[in-house]
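The values are calculated or read from the model by the stated rules, or taken from the named source; none is laboratory data. Predicted model only: the values in this text are computed from it and were never measured. Quick reminder, even Gly has a Cβ in these numbers, built from the backbone with ideal geometry, and neighbours come from all protein chains shown. Heavy atoms of the whole protein, side chains included, go into the accessibility calculation; ligands, DNA and RNA do not. Shrake-Rupley method; radii C 1.70, N 1.55, O 1.52, S 1.80 Å.
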Number of protein chains: 2
Amino acid sequence: MINRLVENIRKKKAPIVVGLDPMLSYVPEFILDRAVKEHGETLEAAGAAVWEYNKGIVDAVCDEIPAVKPQIAMYEQFGLPGMQAFQKTVDYCREKGLIVIGDVKRGDIGSTSAAYANGHLGSVQVGGTKCYAFNEDFITVNPYLGSDGVSPFVDVCREEKKGIFVLVKTSNPSSGEFQDQKVDGRPLYEIVGEHVARWGADCMGDSYSYVGAVVGATYPEMGRILRKIMPKTYILVPGYGAQGGTAADLKPYFNEDGLGAIVNSSRGIICAYKQDKYAGFGESGYAEAARQAVLDMKEDINRIF
Amino acid sequence: MINRLVENIRKKKAPIVVGLDPMLSYVPEFILDRAVKEHGETLEAAGAAVWEYNKGIVDAVCDEIPAVKPQIAMYEQFGLPGMQAFQKTVDYCREKGLIVIGDVKRGDIGSTSAAYANGHLGSVQVGGTKCYAFNEDFITVNPYLGSDGVSPFVDVCREEKKGIFVLVKTSNPSSGEFQDQKVDGRPLYEIVGEHVARWGADCMGDSYSYVGAVVGATYPEMGRILRKIMPKTYILVPGYGAQGGTAADLKPYFNEDGLGAIVNSSRGIICAYKQDKYAGFGESGYAEAARQAVLDMKEDINRIF
C-alpha cells in the first residue's frame with residue numbers, strides 16, 4: 001500500500017491528502033434540510049447529510065488527489081448512523097481509486113490493539129469465513145502504550161500490505177506538554193521517532209516503510225530533525241492552512257527525492273466555500289470550491305520543489 | 001456520575017468493574033452457532049453472538065457489581081454490526097443501573113476531541129434537537145496530545161456530570177518505553193499524573209473528581225506514588241488476574257477510606273467457564289460461572305481492607 005501511495009502521489013503530482021472531517025456546521029444548509037426532511041432531527045439525518053456532503057466533494061476532487069483522510073471522530077459523534085456514513089465514505093473513496101487513511105488514532109495493548117488492527121486494516125474470522133470490517137488502507141496510531149501496543153498493528157500491516165502513521169509530534173499548541181519533555185537531554189518525540197524507524201525497518205515497501213509517522217506542519221524545526229531520524233518513514237503532515245502551517249514550513253518534511261511526506265488539509269478544502277476567496281462558488285458550489293482549493297494547494301506546495 | 005460510581009461501589013461492597021471484552025473465541029459455541037444459522041458467517045453473526053453472550057453475563061452479575069467496562073475495540077473489529085452490539089450493551093447495562101465505562105482510549109486535538117467527547121459522553125445538536133449517540137457514563141482517554149486534547153473531554157464531563165479516566169501508567173509490559181522515561185529525574189507518568197490532578201481539580205464530585213486515571217495493577221510501587229500525586233482522583237486499575245496483578249498488589253491504589261480505586265477484570269470473569277476452577281459450570285453455564293468468579297473476586301479484593 002505504501003508503494004501505491006507513492007505511485008498515486010507521483011501520478012497526480014500531489015503530495016497532499018484531503019481530510020474528510022465533516023463538522024455539521026460545514027454542511028451546506030440545502031443538504032442538511034433535505035436530510036432532516038427525510039429523517040427528522042435525528043442522528044440518521046446527520047449521518048445522511050454528512051455522507052451526501054462527502055460524496056459531492058469526493059466526486060469533485062478525486063482525479064486531482066492521491067488520498068483522503070476521514071477523521072473518524074467526526075462520524076463517531078453521530079453514533080451508529082455516523083459510523084455508517086464513515087463506512088460508506090471509506091468504501092466509496094476506495095472504489096474511486098483513492099488511498100484511504102483512517103484518522104482513528106487508536107492504540108491499546110496486545111489483543112486489544114490486534115482487534116483495532118483487524119477491524120480497520122485486516123479481517124476477522126467468523127466460522128470459516130474471513131470478514132473485512134472498516135477496511136481502510138492506512139490508519140493513524142497512538143504510541144503512548146509502547147511497542148506491545150503498536151506491534152499488533154505492524155503485524156497486520158505486514159500481512160495485509162497496509163500501513164500506519166504513528167503519532168510522533170502533533171500539530172496542536174500543547175503537544176509539547178508531554179511530547180517535548182526532555183529525556184537525557186533529548187525530547188520524547190525523538191525517542192518515539194527512533195522507535196518508529198525501528199518498527200518500520202522490517203516492513204519495507206520499495207523505498208519507504210509501511211510504518212509512517214505523524215509530524216505537525218506547525219513545528220518545522222522538529223520536522224527537520226525527525227526527517228533525519230526516520231529517513232525511510234513517510235510523514236503525514238497535519239496543520240497546513242487553517243492551523244497555521246505554510247508551504248515554506250513544509251520543505252524539511254520532504255526528502256531530496258521530493259517524496260517522503262504527504263500534507264493534509266481538511267477545513268481549508270472541504271469548507272473552502274465559506275472562505276472569502278471562494279465565496280463566488282456559493283453554497284451550492286461547495287464541491288467546486290473544494291476542487292479549486294485543491295488546485296491552489298497543489299500549486300502552493302509544488303512551489304517548494 | 002463520580003458520586004453515583006462511589007455510591008454504587010459502597011452499596012455493592014465491590015470496588016470492581018467487569019470488562020465486557022468479548023473475543024469471539026470466548027463466546028460459547030451454542031451461541032455462535034445460533035447466530036451463524038440466522039446470519040451466515042458474517043459480521044452480523046459476530047455482532048449478534050457477542051450481544052447475546054454479553055446479555056447473559058450482565059443478567060447474571062448485575063446485582064453484584066457497580067459497573068462494567070466494555071472495550072470498544074472488541075466490538076469495532078466487527079464493523080457496523082459490532083458497533084451496534086456495543087450500543088446495545090451500553091444501553092442495556094445503563095437500564096440495569098450499572099455505570100458504564102467505555103474503554104475507548106480516544107484522544108485527539110481541539111474540535112476532534114470535542115467530537116469524541118460529544119459522541120461518547122455528551123450530545124450533538126441536529127437542527128433544534130439534542131441527540132445522544134453512544135452515551136456512556138465514563139470513558140478512557142489517551143493524554144499523549146496534551147491539555148488541549150484532554151480539555152474538551154473535561155468540558156463535556158462538567159456539563160453532563162460524567163467522567164473520564166486518563167491513561168497514566170498502563171498495565172502492559174512495554175508501557176515503560178515512553179511512560180517511564182525520566183524527565184528531570186522523574187518518570188513521565190508522574191508528570192502526566194500531576195496534570196490529571198490539575199485537570200480534575202475544578203471538576204469535583206463530593207469527594208472525588210470527575211477526572212480519573214488508569215494505573216495498571218502490575219506496577220504497585222508506581223501505584224503508591226501516583227496515589228499520593230492524585231489524592232482526589234479515582235484510579236481505574238486494569239491488569240488484575242489474567243495479566244498477573246494480585247489482590248495484595250492492589251492496596252496502594254486505595255485511599256484510607258477504602259475508596260479511590262476500582263479494579264477491572266475481563267477475561268477472568270467473562271471467560272471463567274474456560275478455567276479449570278469453574279469448569280463444572282460447563283459451556284451452557286458460562287453466565288453462572290461469571291457470577292461465581294465475580295463473588296470470588298469480591299472476596300479476594302475485600303480481604304485487603
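Worth pointing out:
- Tally of residues being in contact with a strand residue (DSSP E or B) (Cβ under 8 Å, 6 or more places away or on another chain) and more than 7 Å from chain A (Cβ to nearest Cβ) across the stretch B:180-189: 3
- Of all residues in the stretch B:96-109, those being of a type in the set (K, R), more than 7 Å from every other protein chain (Cβ to nearest Cβ) and on the phi > 0 side of the Ramachandran plot number 0.
- Picking from residues in the stretch A:82-92 that are within 18 Å of A:V27 (Cβ to Cβ) and open to solvent by less than 20 Å² (accessible area, probe 1.4 Å), the one that is farthest from the other protein chains (Cβ to nearest Cβ) is A:T89.
- Annotation: of all residues in the stretch A:177-200 being open to solvent by 50 Å² or more (accessible area, probe 1.4 Å) and part of a helix (DSSP H, G or I), the one that is farthest from A:I164 (Cα to Cα) is A:E194.
- The stretch A:13-51: number of residues that are surrounded by fewer than 17 Cβ atoms within 10 Å (Cβ to Cβ) and farther than 21 Å from B:G122 by Cβ: 7
- Residue check, B:I109 under 16 Å from the mean Cα position of the chain (by Cα), crowded, with 19+ Cβ neighbours inside 10 Å and of a type in the set (V, I, T): no
Yes/no per residue for (1) free of Cβ contacts under 8 Å to residues at least 12 places away in the same chain; (2) more than 8 Å from chain A (Cβ to nearest Cβ):
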| residue | (1), (2) |
| --- | --- |
| B:E7 | yes, yes |
| B:K11 | no, yes |
| B:L20 | no, yes |
| B:L24 | no, no |
| B:E29 | no, yes |
| B:V58 | no, yes |
| B:Y75 | no, yes |
| B:S111 | no, no |
| B:Y116 | no, no |
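- The set of residues in the stretch B:118-138 that are assigned to a strand (DSSP E or B) and either more than 7 Å from every other protein chain (Cβ to nearest Cβ) or touching a His at 6+ places or on another chain (Cβ under 7 Å) (or both) comprises B:S123, B:Q125, B:K130, B:Y132, B:F138.
- Scope the stretch A:146-176; condition away from every other protein chain (no Cβ under 12 Å) and either open to solvent by less than 30 Å² (accessible area, probe 1.4 Å) or polar (S, T, N, Q) (or both); matching residues: A:V154, A:C157, A:K162, A:G163, A:I164, A:F165
- Checking each residue in the stretch B:35-51 for being free of Cβ contacts under 8 Å to residues at least 24 places away in the same chain and closer than 17 Å to B:A287 by Cβ picks out only B:A35.
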